[in-house]
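Accompanying notes for the structure given below.
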Amino acid sequence: MSSFDRANEAVSFLTNGLPEGLRKPQVAIVCGSGLGGLAETVQSEPRAEFDYASIPHFPRSTVAGHAGKLVFGLLGQKIPAVLMVGRAHFYEGHSMEQVTFPIRVFKQLGVDTVVLTNAAGGLNSDYSVGDITLLNDHLFLAGLAGTHPLRGPNDEDFGVRFPPLSDAYDLELRRHVHRAWKEITTPQTNRKLHEGVYAFVGGPTYETRAESRMLRMMGADVVGMSTVPEIVVARHCGLRVLAMSLVTNNAVLAPVPRGDEELLQDKAAGELSALLEEGKAGHEEVLEAGRAAAVDMQKLVVQTLVNVFGSA
Ligand code: HPA
């Protein structure tokens, strides 16, 4: 069965379970690690939820902190939206086609804009934990090497064989995000909004120091394990894309201490491990930074969408 047919099966299932007013969402939002709170900003009436497990062909997420449900409702009072709370990742063993399947379901539901959020590591030294990065480009090393969601026969029902990606990150939407940020921040806001390049890595390991330096040298500002395959598939089928990362940790760029370093020769084993702990990424840290900053990121997404679609 083609992915077009599978997406249509999922859509029939969802549409049957949805009240009239929610059947044609305009916007889809993918909520990344710890960013599912956006779903709570959706009005309680009308609202419908589906576990991923109940939706035909839908991939499931097994990661702690990713709930795994699709929420339909009105965002910012009146914008019909569908939210994915938790996503499936390539590192969980899903194929590139599976992790991007929800995007095709959104397309077949009639969505025109997709907002993707994620937790990412900061590579740019100007970025602090808790900052937000609006994505304006990406590095897809796996895709360049052939691990690509559009590899194989092209599904003409969705888009062309050779889609361009030089304009993947919608400029008008990015302008709206910067304006919305000015509206929602106060002089007390101690996080910054950046705009930058996201590097996709397969995971599940965090990067080595040398890998982090390589990605930084190549022009990446943030690094993460999601989003890019989804963006590629969204652009293939003509969806407008807005993507942002919450910087949940800083990648370690400093070279690893050398075993022949004079100053380290007399250190106890405990001191050596303390030295290596500095800046090390961990999943708990990622979730914690997410919790603290999620509220601002949610506000930013909602304010942007209200400004873009408010009159809908
Ligand atoms: N690297 C890759 N993915 C991530 C990171 C990171 O440092 N932080 C959150 N997701």
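The values are calculated or read from the model by the stated rules, or taken from the named source; none is laboratory data. These figures come from a predicted structure and were not determined experimentally. All Cβ positions, even for glycine, are placed from backbone atoms using ideal geometry, and neighbour counts span all protein chains on display. Accessible surface is based on the protein model in full, side chains and every heavy atom, while ligands, DNA and RNA are left aside. Shrake-Rupley method; radii C 1.70, N 1.55, O 1.52, S 1.80 Å.
Is there any pair with a first residue in the stretch 145-159 that is open to solvent by less than 60 Å² (accessible area, probe 1.4 Å) and a second that is in a loop (DSSP other than H, G, I, E, B) whose Cβ atoms are under 6 Å apart and which are 6 or more apart or on different chains, and what are they? Qualifying pairs under 6 Å: ASN154/ARG161; PHE158/CYS237; GLY159/CYS237. Tell me, please, whether a residue that is touching a Pro at 6+ places or on another chain (Cβ under 8 Å), over 24 Å from VAL160 (Cα atoms) and part of a helix (DSSP H, G or I) can be found in the stretch 243-262. No, there is no match, as no residue in the stretch 243-262 is touching a Pro at 6+ places or on another chain (Cβ under 8 Å), over 24 Å from VAL160 (Cα atoms) and part of a helix (DSSP H, G or I). Looking only at the stretch 237-255, count every residue that is away from the ligand (no atom under 16 Å from the Cβ) and out of contact with any strand residue (DSSP E or B) (no Cβ under 7 Å at 6 or more places or on another chain) and tell me the total. Adding up the residues that qualify gives 3.
If the condition is being over 13 Å from the mean Cα position of the chain (by Cα), closer than 24 Å to GLY219 by Cβ and open to solvent by less than 10 Å² (accessible area, probe 1.4 Å), then the stretch 97-141 contributes GLY122, LEU123, GLY130, ASP131.
Quick check: anything in the stretch 282-289 under 17 Å from the mean Cα position of the chain (by Cα) and either assigned to a strand (DSSP E or B) or buried (at least 20 other Cβ atoms within 10 Å of the Cβ) (or both)? Scanning the stretch 282-289, I find at least one residue that is under 17 Å from the mean Cα position of the chain (by Cα) and either assigned to a strand (DSSP E or B) or buried (at least 20 other Cβ atoms within 10 Å of the Cβ) (or both), so the answer is yes. State all residues of the stretch 58-92 that are surrounded by fewer than 18 Cβ atoms within 10 Å (Cβ to Cβ) and at pLDDT 95 or above; if no residue qualifies, say none. Across the stretch 58-92, the qualifying residue is only TYR91.
Checked against the criteria, GLU156 does not count as of a type in the set (Asp, Glu), assigned to a loop (DSSP other than H, G, I, E, B) and under 24 Å from TYR91 (Cα atoms). Residue count for the stretch 102-124 satisfying the condition of being within 14 Å of the ligand (Cβ to nearest atom) and in a loop (DSSP other than H, G, I, E, B): 2. Screening THR147 with (1) in contact with a helix residue (DSSP H, G or I) (Cβ under 9 Å, 6 or more places away or on another chain); (2) at pLDDT 95 or above; (3) under 22 Å from LEU246 (Cβ atoms) gives one miss only, at (3). Mind listing whichever residues of the stretch 218-258 are surrounded by 24 or more Cβ atoms within 10 Å (Cβ to Cβ), more than 15 Å from GLY122 (Cβ to Cβ) and within 12 Å of the chain's Cα centre (by Cα)? Within the stretch 218-258, SER226, THR227, VAL228, PRO229, GLU230, ILE231, LEU242, ALA243 qualify. With respect to the conditions (1) more than 13 Å from the ligand (Cβ to nearest atom); (2) touching a residue at least 24 places away in the same chain (Cβ under 8 Å); (3) outside any strand (DSSP E or B), VAL129 falls short on a single one, namely (1).
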